[in-house]
Amino acid sequence: MSPRDEMVFVVDDDPRVREALGELLESLGWQAETFAVAADYLAHARPDLPACLILDVELPGINGIEFQKQLSGDVHPPIVFLTGHDIPSSVRATQGEAVGFLRKPVGESDLVAAVRGAIDRDRVQRSARAELNELERRLAALTPQEREMLPLVVSGPPNKQAAAEHGISETTIEMHRSKIMQKMQATSLADLVQIAEKLQIPVIRSRR
């Protein structure tokens, strides 16, 4: 994937900064969209592409730190903070969630490193979300009985032991195990266990 297939959003109330960053980003091959305030960014329809958000700390209305908190429960591109001052402690405290920090005026090498890191993170996160969506689609294809049996199957007790503990026949357990493996597209029990972990399926511990 080339930079042209990646997006960079810039939110800064200074029109000179927006223009300079937009032109620099596009000269480096990225698609760029710039906004004066956070509300304009939120109202914009974002394309389904790997992206990052360059966010000014000193925004009018809601500042960058508060805006990041507002976005914390939503799916959004990784954030690179932008500031014309020393990086305040309130920004440093968010370092675990932000990819990086840029000081104005922004140098090309710093910009490329920050944007590249953010977009690479976004690509990983997007891939993980797509995988989880697919696994949830497979889970939804299970019958209510199969979904009820899934925690037992991934717990891994022998069929005879599981049948005795739960008052069902070995044949029934084997039938459900086979259907679950097929519908969840698991190549082995170990593979099914990994899928269940990603779906946060609880494990039923043996009583023996």
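Structure data summary
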item: Where labels lie 7 Å past Cα in the beta-carbon direction, separation of ALA39 and ARG103 in nm; result: 3.4
item: Ascending count of other beta-carbon atoms within 10 Å, so fewest first, for LYS69, LYS183; result: LYS69, LYS183
item: Ordering of 20-29, 47-56, 184-193 by burial proxy (mean other Cβ atoms within 10 Å per residue, highest first); result: 47-56, 20-29, 184-193
item: Length added when fully stretched, LYS198-ARG4, from 0.36 nm per residue minus Cα-Cα; result: 66.6 nm
item: Sites ARG16 and ALA130, calculated FRET efficiency, Cβ-Cβ separation with R0 41 Å, nearest 0.05; result: 0.60
item: Space enclosed by the convex hull of the alpha-carbon atoms of the range 3-130, per residue, Å³; result: 99
item: Cβ-based exposure ranking for PHE101, PHE9, PHE81, in which fewest neighbours within 10 Å come first; result: PHE101, PHE9, PHE81
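A short reminder: the numbers here are calculations on the coordinates, not readings from a lab. Source: prediction; values computed, not measured. Because the Cβ atoms are built from the backbone with ideal geometry, glycine has one as well, and the counts that use them run over all protein chains shown.
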